[in-house]
1. Which residues, counting only those in segment 47-103, are out of contact with any helix residue (DSSP H, G or I) (no Cβ under 7 Å at 6 or more places or on another chain), in a loop (DSSP other than H, G, I, E, B) and at pLDDT 95 or above?
2. Scan segment 96-109 and report the pairs whose first residue is closer than 23 Å to residue 86 by Cβ and whose second residue is surrounded by 11 or more Cβ atoms within 10 Å (Cβ to Cβ) and at pLDDT 90 or above, with Cβ atoms within less than 6 Å and a gap of 6+ or a chain change.
3. Among the numbered criteria (1) modelled with pLDDT under 90; (2) part of a helix (DSSP H, G or I), which single criterion is violated by residue 37?
4. Pick out the one residue from 26, 11 that is surrounded by fewer than 16 Cβ atoms within 10 Å (Cβ to Cβ), touching a helix residue (DSSP H, G or I) at 6+ places or on another chain (Cβ under 8 Å) and either modelled with pLDDT of 90 or more or at negative phi (or both).
């Protein structure tokens, strides 16, 4: 190894990635108050991520993208994501548009 090349572990000038911590909120339609309560508490406690499973064929669940948008808009700094993306049901370009729209809306809050 030449003197101008260093491995990432030996370079003290590079930023270290910090771990992120998150929770999964159940998207049950009969537990909407709990979902919002958990999102707000997580945000206040400094949790980094909220994830929601995406199973649009499950009639007892809220629509994932509607729910994560609502949760994102009622929180401050927490990030939201799906922990499952149902690609056969959610056409990839539409899924990308949903994610981009949420990103734009959340930036303005």
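1. 47, 48
2. Within 6 Å, the pairs are 98/65; 102/69; 106/72.
3. (1)
4. 26
The values are calculated or read from the model by the stated rules, or taken from the named source; none is laboratory data. Computed from a predicted model, the values in this text were never measured in an experiment. Every residue, glycine among them, receives a Cβ derived from its backbone with ideal geometry; neighbour counts consider all protein chains shown.
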